[in-house]
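Just below is one structure, and these are the notes that go with it.
Just so it is clear, none of the values below were taken in a lab; they were calculated from the coordinates. Please read these numbers as outputs of a predicted model, since none were measured by experiment. Here Cβ is always computed from backbone atoms with ideal geometry, including for glycine, and neighbour counts include all displayed protein chains.
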Amino acid sequence: MKIMKCPLNGPRNISEFICFGEVSKMPCPKKVSDDEWADFIWMSNNSAGVVQEWWCHSATAYWFIAERNTVTDEILKTYPASDVFTERIDF
């Protein structure tokens with residue numbers, strides 16, 4: 001059984017989580033073109049190595065960030081999104 005450490009709920013079976021892709025810098029919503037916004041939403045770098053990804057614990061709907069090695073599929077670290085995103089963005 002593969003285990004992932006949720007920052008809120010502690011160690012849980014990996015089947016309780018959903019990966020939602022790479023964390024990337026959001027373009028300014030007031031200045032971005034439709035094509036740039038589509039690239040931000042749908043495209044990813046698909047990098048080999050350690051990447052930051054959005055994960056959600058499906059039982060509690062808790063969103064957080066995990067650092068995962070995409071070559072070995074090893075989860076290296078998990079932490080609250082507030083550790084990376086320290087300010088809110090108004091739309």
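When the inverse distances between all different Cα atoms of the range 38-85 are averaged and flipped, the Kirkwood radius reads 11.9 angstrom. Distance between the C-alpha centers of the range 58-88 and the range 8-27? Whole Å please. Result: 5 Å between the Cα centres.
Entry note, the range 3-83: relative contact order of 29 percent, from Cα contacts under 8 Å with a spacing of 6+ residues. For the range 3-83, a simple Cβ point-charge model (Lys and Arg +1, Asp and Glu -1, everything else neutral) yields a dipole of about 300 debye relative to the Cα centre.
The trypsin sites (Lys or Arg not before Pro) of the range 1-84 meeting both criteria, a DSSP state outside H, G, I, E and B (loop) and at most 13 other C-beta atoms within 10 angstrom of the site's C-beta, are LYS2, LYS25, LYS30, LYS31. Within the shell defined by Cβ-Cβ distances under 15 Å, the residues around PHE20 carry a net charge of -3, with Lys and Arg each +1 and Asp and Glu each -1. Which of [x] 41, 24, 23; [y] 45, 28, 20; [z] 41, 31, 18 is the computed Cα extents along the principal axes in Å for the structure on display? Identified label for the calculated read-out: [y].
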